[in-house]
């Protein structure tokens, strides 16, 4: 006899089936069951989050939860008929292991007060004052994570880069370009004069693209037409070095709705802006643990995007 007649799988938010399964669970458990606002069905954090789904032996979804890049667990939803059967605990433990594998040193969440004992059993402790949200009292909780044997180290203070205004974001971008050796990944909804247009940035991009064997710059760009019309100098560079600088255009609705901008290099550095045109985000210089979720998401979007052949010289 199986002790746990369910299993936990990763969910890809860009897949219609996975996304709808998560949203249906949230509607049934969080909105209809707990009376939370309809906004809890979906928010801007979902495209960047790591999602897990619990499924029963017939493959029906029975629970879901997510892990967001700001090191938080949220949107835990388990069908009432499956509560007290270990589903929530299994979801929570897998999220903790994923966070530990990323090299994160802590996890946070906001728990309804009646669920504090559940999270306390898994090592979460009170961290902050009670507050009201959606008509319910919540308690901020925190768990310190012991590093996994194979996890990347936590970033030192010297690894972190300020990214709270335009000058610091521009400085972080220049630093990350200078640190790169052969590989870059860039995601931008729109390429304009504020991004990768300065002589210094273009010189670094050219250096990386011509750094020799293994050089590769991948760019995900939503609005390719604007970049072409405006004659952005990065497009001209990509046309001359098309075998190294590859540009793809997202086509899935969920990817096109992602307004974030980020830059990843092969030194473990990253710059992440939740809104690409708003200079406020986070950055790290040698922080592979912080970079890992962004790199994973970039690869997923890259695989389902199409080559931006309209940007190549003569459309070839």
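The values are calculated or read from the model by the stated rules, or taken from the named source; none is laboratory data. From a predicted model like this one, the values you see are computed outputs, not experimental measurements. So basically every Cβ, Gly included, is an ideal-geometry build from the backbone, and we count neighbours across all protein chains shown.
The table below gives the values:
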| item | result |
| --- | --- |
| Subset of the stretch 1-40 (residues that are farther than 24 Å from residue 85 by Cβ, in a helix (DSSP H, G or I) and modelled with pLDDT under 85) | 39 |
| Single condition residue 130 does not satisfy, out of (1) modelled with pLDDT of 90 or more; (2) assigned by TED's automatic domain parsing to the domain that holds residue 249 | (2) |
| Scan of the stretch 48-70 for residues that are part of a loop (DSSP other than H, G, I, E, B) and surrounded by fewer than 19 Cβ atoms within 10 Å (Cβ to Cβ), ordered by number | 57, 58, 59, 60, 70 |
| Any hit, the stretch 94-106, residues being in contact with a strand residue (DSSP E or B) (Cβ under 7 Å, 6 or more places away or on another chain), touching a residue at least 60 places away in the same chain (Cβ under 8 Å) and within 30 Å of residue 146 (Cβ to Cβ) | yes |
